[in-house]
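First comes the structure, then the notes that go with it.
We did not get these values from a lab; they are worked out from the coordinates using the rules stated. What you are looking at is a predicted structure, and each value in this text was computed from that prediction instead of being measured. Please note: Cβ atoms are built from the backbone with ideal geometry, for glycine as well, and neighbour counts cover all protein chains shown.
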Amino acid sequence: MAACGTAYMEDSVYPRRTQRAIMEANTMQETALLELRGICKFFPGVRALDGVDFTLREGEIHALMGENGAGKSTLIKVLTGVYPKDEGAISMEGTPVQIRTTQDALKTGISTVYQEITLCPNLTVAENLYIGRTKGAFTNWRRMNAGAKKILESLGIPAAPTQQLSSCSIAVQQMVAIARAVDMECKVLILDEPTSSLDEQEVEKLFKLMLDLKSHGVGIIFVTHFLEQVYAVCDRITVLRDGKLVGEYKIADLPRVQLVSKMLGKELDDLSEVKSESAADALEGAEVVYEAAGLSSALPAYKAVVVIILVVLSAPTVREKLEALKKRYGTNEKKEAGTHAE
């Protein structure tokens, strides 16, 4: 199935410049908000990014996909001024820009909301919205709270300006971080794994906010490992693999199986050869080393098998979630024959 966009292959018969020209021609009729061309980043012995192109349009939610180590985080850090680029060019609304620091990125209109909340939980929602933009002791608190209320209401965020941030759910805290970025007049919003610790209802609230920002012309770069979320809210997908651009695709033109194929670098025929095996068949005859009883369903653990239990709590960080889990249920460590149960 032909995919929209141009795929870069290391041994392609087309030179890289020709491929880039084709991609640019395909996007000329749409308003390009952010353009990265030929971005390279080198570390000692490693070419982390190798001539990567990326285009974000106004009012678009664009997924940046790839396996761990594909170059997604490095590209985001180059774009936000954490890493300086070694080669390539960046332009915003057709104007070349130099992003050497995080302040350069903010001045250009690029804001980022990371997986872990980077706000101050001990401060109020309003203080977090305006932190770093007030005059300390000379702050007009009444005006600040009124401005925060206006921002929160305009974005439909269920929080009060005077409410302490730590009392808000993780989803609301992330929305506050997004509201701060929007109030700083960001044109490009980068969401780096924002849904990793949200439940289904919280994800829906976040998506609603993302779609609202999209309708106002904000370009959103969405980094996630959840394929179903990509197909639920995104317009386009850019795939990276081993620091190189695989291609840019419209969401309707790239089925999920093909997306996985491009991320892994395997043809569809190779993927179809993978034999499915039920969990029961795989564990038949294995020795049970741990089993929880008295639950609504049994939970056995076998040797050489990793059992992962995901618990979503209201604690704002993963560490706090684990601590809350330990306090509630206690821990039981068993170190026999190289096993550890908790």
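Points to keep in mind about this one:
- Exceeding the 19 Å Cα-Cα cut-off - candidates Lys205/Lys250; Lys107/Lys150; Lys107/Lys187: Lys205/Lys250; Lys107/Lys150
- Modelled FRET efficiency - R0 51 Å, Thr162 with Glu267, Cβ distances, 0.05 increments: 0.35
- Taking label points 7 Å from Cα along the Cα-to-Cβ direction, His225 and Asp104 give a separation of 3.2 nm.
- Averaging 1/r across all pairs of distinct Cα atoms in region 125-220 and inverting the result yields a Kirkwood radius of 13.9 Å.
- Ile190 long-range amide H proximity, modeled H, under 5 Å: Ser111, Thr112, Val113, Ile221
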